[in-house]
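Take a look at the structure below.
Since every read-out is calculated from the coordinates, none of them should be taken as a lab result. The structure displayed is predicted, hence computed values, not measured ones. Every residue, glycine as well, gets a Cβ built from its backbone with ideal geometry; the counts of neighbours run over all protein chains shown.
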Amino acid sequence: MSFNIVGISGSLDYPSRATTLVRLALAQSVAILGGSSEFISIVDLVPELGQSTDPTHLPPKVQAAQQTLGKADLLVVASPIYTASYSGLLQHFFDLLDPLALQGKTAILAATGGSGQLALTLEYQLRPLLSFFGVHTAPTTLFAHDKHFLKDINGDYTLTDSLLRERIEQALAETARLLTPLARFA
């Protein structure tokens, strides 16, 4: 089976740790599950998204990003954690989305931040957000501390934590079970 995997980063910077984490999870998803991947970056939508208030009249860029998300079998949703919350523009993006657009889809939740305490944001904010849309989320979440990344001379980030790479594989194993159609009861 071939899956359409879409990653979305709520980071307002580029390059960013959250974007690096999403791209790594996308690459591993395609390698393990098969299929193709697409990437949505909130920072690329900032001018249009920030001025959008009416979900029935969205700029083409925002509309295209929502359609890409709607075509996904698997979502990888990540954000840096700012003041114990995911990014406001990521929330705004979801605020403008039809509540039924993601129903029945599967997602892996990810975040980055400067303190391990921020990992709870995945459970008490990001998971409920996607549950509202009827998305099935993998039990294993991905949280990367800022110290889990190295920044090169070009400003790009590399994930250095091998345990987090293992968590990505664990989340993908759980996701594979969520994506597999259940046998009908006889």
- Task: Going by C-beta contacts inside 10 Å, put PHE132, PHE3 in order with the fewest on the left.
- Result: PHE132, PHE3
- Note on the structure: Extension length gain for ILE153 and ARG177 (0.36 nm per residue less Cα distance), in nm, is 4.6 nm
- Would you mind calculating the gained length between ALA64 and THR160 on full extension (0.36 nm times residue separation, minus the Cα-Cα distance), in nm to one decimal? 31.2 nm
- Task: Tally the DSSP beta bridges in the stretch 3-179 and give the antiparallel ones as a percent, rounded to 5.
- Result: 15
- Footprinting proxy, THR141, THR121, THR112, THR158: sorted fewest to most Cβ within 10 Å, the residues are THR158, THR141, THR121, THR112
